[in-house]
Structures are given as structure tokens and as C-alpha cells.
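For reference, the structure discussed in these notes is given below.
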Ligand code: ATP
Ligand code: MG
């Protein structure tokens, strides 16, 4: 379980994240949804620990991992990351890419890698290199890599951008079922209402650095908090 309380972040005197608070649960996908520039990636970077908030606290399973004086380094947060440019290591095979973050003994490591690759339907590509795979296949390798160390929390920043529409729907569905099987708590950033409606158990609607509404997808769709929120959802059918 991830909880953030009262996060603030400014750049050059401009507040881009303002008083953001929410929590996400194991086995659930929470979508941080909002237009370009509203502060989504900045929020994710602070949770990952690669940027630091000006004010506010972050907890994982009830334990403080970051406030303005105390800070657990990113690699010790048990938080997995999957960002927009899901770049794989080009000189490593698919198997070695997925195994990259694992410290298990070799045999268990191999079992975990084989299992994950089978579940993203890439068992036959295990000894190939990234340049031998399509974009969608590389994206699935990146997902397997992010899940390999069994992070309790997975942060995903626009993970499906750059894929063509038809492929994206398939990969969204596949990703969702794998995440549910693993029981990971997921915070997924997107600027596309359709994506949030399709993936989320809960949506956090963000605008101008603030969360303006949170709740189940149908609640946001049926009872938008204001005209801007209604307009944002209006092109979904
Ligand atoms: P998008 O959907 O386009 O990815 P976003 O919601 O992820 O947008 P952020 O990347 O969080 O937006 O950026 C929020 C605002 O903060 C933007 O106006 C951006 O220019 C600014 N910003 C982000 N990082 C920095 C930085 N390191 N220095 C200065 N300004 C920054
Ligand atoms: Mg962003």
C-alpha cells in the first residue's frame, strides 16, 4: 500500500504539484489522469525517489519512506518503474533484460524469467535481442522486467504510448491481467480518459497540480466534478 500526504513541488517559483494526497491498494490499478503539464510525471518521480518534494510525506505499507528531512534512496523503496521510454538494454538478451534487477540464485532467477516471459507470450523470444522484437513485444519485455523483482508497488508513466491503437488495446488487457495475478499495487499515469476508464479501479483526476476528483471510473464519468471534468470525459463512448 502506498500513501502520499500533502505533496508540493515547485520549479523556478511555479507550483506544479499542489497538496496532492491519495493512497493506492495492493491488487488495484489507480490511474492518475489529466492533461499534459498538470504534474503527473512530477508526482510519480517524487514517489520513485528520483525527485524530491518541497513538502509532504510518502509511506509504503505504513512506513515513512520520504519527507523533507528523511529519505529512503530509490533502489531501496521496493517500487518498480515503467516509464514512457521503456528502453531495454540493447546488448542484453530478452532473458537477461528481464533478469537484470534480480539477485536470486541463478536457477530461481531463470524460473522467474521463464514464467514471466510465458505469461507475456514471449517464451519463444527468450534468447533474442531487443532489436529483433517489435515495439509491442519490447513493451511486454519491459513489463516482465518491471515485475520480475516482485515490487509491491509499480509506477507506470504512459507505458502504452508509441504503440498503434489496435496493439495498444491488446497490450492493455494483457498487462491488466498480469498485474491482477501478481497482486501489485499500480499507479498508472495517462492523459487519455479511455485508457483510465479501461484500466482503472480508481481514477484520480488531476489538473493544475491538484487532484480535483477521485473515485471509481463510472463515478467520474457519470458525475464529473465540474464542466472541465465533464468535457474531458465527453469524447468517450
Ligand atoms: P505530460 O502528460 O505532458 O507528460 P505531466 O502531467 O506529466 O505532462 P509534468 O512532467 O509533471 O507534467 O510537468 C508539470 C510541469 O512542471 C510542466 O509545466 C513542466 O514544464 C514543469 N517541470 C517538470 N519538471 C521540471 C523541471 N525539472 N524543471 C522545470 N520545470 C519542470
Ligand atoms: Mg508526463
Condition met for residue 150 (outside any helix (DSSP H, G or I) and either within 16 Å of ligand 1 (Cβ to nearest atom) or surrounded by fewer than 20 Cβ atoms within 10 Å (Cβ to Cβ) (or both)): yes
Restrict the check to region 72-80 and report whether at least one residue is surrounded by 16 or more Cβ atoms within 10 Å (Cβ to Cβ) and in a loop (DSSP other than H, G, I, E, B). yes
Can you name the condition, by its number, that residue 40 falls short on among (1) within 12 Å of ligand 1 (Cβ to nearest atom); (2) modelled with pLDDT of 95 or more; (3) in contact with a helix residue (DSSP H, G or I) (Cβ under 7 Å, 6 or more places away or on another chain)? (3)
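Give the residue that is nearest to ligand 1 (Cβ to nearest atom), with candidates limited to residues of region 160-191 that are closer than 27 Å to residue 58 by Cα, in a loop (DSSP other than H, G, I, E, B) and touching a residue at least 60 places away in the same chain (Cβ under 8 Å).
191
From the list 7, 81, exactly one residue is within 16 Å of ligand 2 (Cβ to nearest atom) and either touching a residue at least 60 places away in the same chain (Cβ under 8 Å) or at positive phi (or both). Which is it? Explain how you work it out, then say what you get.
Numbers: 7 fails: either touching a residue at least 60 places away in the same chain (Cβ under 8 Å) or at positive phi (or both).
Among 7, 81, only 81 is within 16 Å of ligand 2 (Cβ to nearest atom) and either touching a residue at least 60 places away in the same chain (Cβ under 8 Å) or at positive phi (or both).
Out of region 197-237, which residues are on the phi > 0 side of the Ramachandran plot and touching a helix residue (DSSP H, G or I) at 6+ places or on another chain (Cβ under 8 Å)? Steps first, please.
Keep residues of region 197-237 that are on the phi > 0 side of the Ramachandran plot, which gives 208-209, 215.
Result: no residue meets the conditions.
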Pairs under 6 Å by beta carbon, first residue touching a residue at least 24 places away in the same chain (Cβ under 8 Å) in region 100-115, partner surrounded by 14 or more Cβ atoms within 10 Å (Cβ to Cβ) and part of a helix (DSSP H, G or I), six or more apart or different chains? 102/109; 113/95; 113/98; 113/99
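If we keep just the residues of region 189-210 that are closer than 15 Å to residue 4 by Cα and crowded, with 21+ Cβ neighbours inside 10 Å, which is nearest to ligand 2 (Cβ to nearest atom)?
As a first pass, look at region 189-210 and keep what is closer than 15 Å to residue 4 by Cα: 204, 206, 209-210.
Next, only the ones that are crowded, with 21+ Cβ neighbours inside 10 Å stay: 204, 206, 209.
Values: 204: 14, 206: 11, 209: 13 Å.
Here the answer is 206.
Within the group 92, 64, 44, 32, which residue is more than 20 Å from the chain's Cα centre (by Cα) and either surrounded by 19 or more Cβ atoms within 10 Å (Cβ to Cβ) or in contact (Cβ under 8 Å) with a residue 24 or more places away in the chain (or both)? Lay out the reasoning, then the answer.
Numbers: 64 fails: either surrounded by 19 or more Cβ atoms within 10 Å (Cβ to Cβ) or in contact (Cβ under 8 Å) with a residue 24 or more places away in the chain (or both); 44 fails: more than 20 Å from the chain's Cα centre (by Cα); 32 fails: more than 20 Å from the chain's Cα centre (by Cα).
Selected residue: 92, the only one of 92, 64, 44, 32 that is more than 20 Å from the chain's Cα centre (by Cα) and either surrounded by 19 or more Cβ atoms within 10 Å (Cβ to Cβ) or in contact (Cβ under 8 Å) with a residue 24 or more places away in the chain (or both).
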Could you grab me the full set of residues in region 153-167 that are within 17 Å of residue 122 (Cβ to Cβ) and away from ligand 2 (no atom under 16 Å from the Cβ)? 163, 167
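Could you please find all residues in region 23-45 being within 10 Å of ligand 2 (Cβ to nearest atom) and farther than 18 Å from residue 58 by Cα?
Our first condition is that a residue be within 10 Å of ligand 2 (Cβ to nearest atom); within region 23-45, this holds for 32, 34, 36-45.
Scanning region 23-45 gives 34, 36, 37, 38.
The values are calculated or read from the model by the stated rules, or taken from the named source; none is laboratory data. Note that the structure is predicted; figures quoted are calculated from it, not measured. For neighbour counting, all protein chains shown are included, and Cβ atoms are generated from backbone atoms with ideal geometry for every residue, glycine included.
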